[in-house]
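J.: Following this message is one structure expressed as structure tokens.
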Amino acid sequence: RESRREWLLEQFEKAGLKSSNVSKYQFWRHDNKPIELWSNKVIDEKINYIHNNPVEEGIVYKPEEYIYSSARDYAGEIGLIEGVVVVK
């Protein structure tokens, strides 16, 4: 159970009120910069970047320790979501 659940929902709701195309909560930023995944090297770089975010933030020591990450699947463990495609 997330101890900051109410606080997080409040923050997402505040962000949603600032956007005309959001009905309740806004979780993702709208100012993203899409990157074309044109090669296996670029795909690997982006997957590693995403997997290492919790490590960089000091939440975990290893990417596969973060319960909500597909890094668990890449480490040969079973993640929370079924059917994750591991790119090798």
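J.: Excluding residues on the same chain fewer than 8 positions from K18, give the aspartates and glutamates whose Cα lies under 17 Å from its Cα.
T.: E10, D31
J.: If the cut-off is 20 Å between C-alpha atoms, which aspartates and glutamates fall inside it for K62, apart from same-chain ones fewer than 8 positions away?
T.: Output for K62: D44, E45, D73, E77.
J.: Students sometimes get this wrong: rank I43, I67 by accessible area, probe 1.4 Å, all chains present, largest first.
T.: Descending order: I67, I43.
J.: Of the chain, which part is the longest with no chymotrypsin sites (Phe, Trp or Tyr not before Pro) in a loop (DSSP not H, G, I, E, B) and with at most 13 other C-beta atoms within 10 angstrom?
T.: In short, 1-26.
J.: Let me ask another. Residue by residue, what Karplus-based ³J(HN,Hα) values in Hz, rounded to whole numbers, does the stretch 66-81 have, using 6.51, -1.76 and 1.60 with θ = phi - 60° and x for Gly and Pro?
T.: 7, 4, 8, 9, 6, 4, 4, 5, 5, 8, x, 9, 9, x, 6, 9
J.: Hey, what angle do you get for helix 5-17 against the long axis of the chain, alpha-carbon based, 0 to 90 degrees rounded to 10?
T.: Roughly 70 degrees between the two axes.
J.: Please compute the contact order of the chain in relative form: average sequence separation of alpha-carbon pairs under 8 Å and at least six residues apart, divided by the residue count, as a percent.
T.: 12
J.: Once the Cα atoms of the chain are picked out, what are the Rg and Dmax in Å?
T.: Rg then Dmax for the chain, in Å: 15.9, 42.
J.: While we're looking at this one, here's another question. With each pseudo-label sitting 7 Å past Cα toward Cβ, what's the F12-E65 distance in nm, one decimal?
T.: Computed distance between label sites F12 and E65 equals 2.6 nm.
J.: Let me ask you something else. Please get the size of the charge dipole for the chain, origin at its Cα centre, with Cβ charges of +1 on Lys and Arg and -1 on Asp and Glu, quoted in debye to the nearest 20.
T.: Once rounded to the nearest 20, the dipole reads 280 debye.
J.: From the backbone phi of the stretch 37-51, what are the Karplus-calculated ³J(HN,Hα) couplings (6.51 cos²θ - 1.76 cosθ + 1.60, θ = phi - 60°) in whole Hz, Gly and Pro given as x?
T.: 8, 8, 8, 4, 4, 5, 4, 4, 4, 5, 4, 5, 4, 5, 5
J.: Another question about this same structure. I'd like to know which of Y74, N40, S3 lies farthest towards the positive end of the charge dipole of the chain, counting +1 on Cβ of Lys and Arg and -1 on Cβ of Asp and Glu.
T.: Value: S3.
The values are calculated or read from the model by the stated rules, or taken from the named source; none is laboratory data. From a predicted model like this one, the values you see are computed outputs, not experimental measurements. Because the Cβ atoms are built from the backbone with ideal geometry, glycine has one as well, and the counts that use them run over all protein chains shown. The accessibility values were calculated without ligands, DNA or RNA, using every heavy atom of the protein model including side chains. Shrake-Rupley method; radii C 1.70, N 1.55, O 1.52, S 1.80 Å.
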